[in-house]
Amino acid sequence: MKLYGTAMSRTGRCLWALEELGLKYDHVPVEVAKAKSPEVLKLNPNGHIPTLEDNGLAVWESMAINLYLAEKYGQAPFWPATPEKHALAYQWSFWGMLELESHLVTILRNRMFLPPEQRDEKATQQAIDALNGPLKVLDDHLKGSTHLLGNDFTIADLNLASILSLGAMVKLDFPAAPVANAWLQRCLSRPANQKVHGMK
């Protein structure tokens, strides 16, 4: 099994999943700018990372990779035991991508990646404000349970926490969502995620 991509990209969430599952794999560090190399393009015609190669199967898109890994190699509770819980794992994973990720990427671009003269603080503030509604949904949901699907850490927690961790890169905290913030810190402090922080 090989995973192509840099830990400083969405590849990080796939590395986290591989570590949680205790799988043997080769990490092939590929920077975003080099994702259109012949080796990667052969597996992923989009020229993006991450890309997973597993026994001749090429899987791309980080959420698809993680859900595949959890379903194929995971056991309950990390990969839930019922179709109903599978649906909730998909729900929270896709919800994070659709409701949170674009706003967090806007904040990252304007606080870290763009040259100072191209940064737009108004766009940053709009993105921060846009997070309030979804974060309240998450905060309300987590009241009364330690994790998204109950009291066990699952692939849903990993996927959603990996998205919200983008905010930590720019020291963005969520004071209006204290329950969600405590959940996020629990997820990010897991040894498997801490191990990924030392990777390229």
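In the set (1) assigned to a helix (DSSP H, G or I); (2) touching a strand residue (DSSP E or B) at 6+ places or on another chain (Cβ under 9 Å); (3) aromatic (Phe, Trp, Tyr), Phe153 fails one condition alone, (1). If the condition is being surrounded by 13 or more Cβ atoms within 10 Å (Cβ to Cβ), without any contact (Cβ under 8 Å) to a residue 60 or more places away in the chain and basic (Lys, Arg), then the range 153-200 contributes only Arg186. Of the residues contained in the range 142-151, none is found to be under 19 Å from Ser62 (Cβ atoms), touching a Cys at 6+ places or on another chain (Cβ under 8 Å) and either surrounded by fewer than 14 Cβ atoms within 10 Å (Cβ to Cβ) or not β-branched (Val, Ile, Thr) (or both). Taking the range 1-34 as the range and being over 13 Å from the mean Cα position of the chain (by Cα), modelled with pLDDT under 95 and aliphatic (A, V, I, L, M) as the test, the residues that pass are Val32, Ala33.
Checking each residue in the range 7-38 for being outside any helix (DSSP H, G or I), surrounded by 14 or more Cβ atoms within 10 Å (Cβ to Cβ) and touching a strand residue (DSSP E or B) at 6+ places or on another chain (Cβ under 7 Å) picks out Tyr25, His27, Val28, Val30. Note on the range 40-71: among residues that are outside any loop (DSSP other than H, G, I, E, B) and surrounded by fewer than 13 Cβ atoms within 10 Å (Cβ to Cβ), the one that is modelled with the highest pLDDT is Leu57. Counting only residues that are in a helix (DSSP H, G or I) and among the polar types (S, T, N, Q), which one in the range 180-200 is farthest from Leu138 (Cα to Cα)? Among them, the one singled out is Gln194.
Checking each residue of the range 165-176 against the condition of being farther than 17 Å from Met8 by Cα and either modelled with pLDDT of 95 or more or assigned to a helix (DSSP H, G or I) (or both) gives no match.
Just one of (1) at pLDDT below 95; (2) of a type in the set (A, V, I, L, M, F, W, C); (3) part of a loop (DSSP other than H, G, I, E, B) fails for Met112. It is (3).
The values are calculated or read from the model by the stated rules, or taken from the named source; none is laboratory data. As the structure is a prediction and not an experimental result, all values here were calculated from the model. Please note: Cβ atoms are built from the backbone with ideal geometry, for glycine as well, and neighbour counts cover all protein chains shown.
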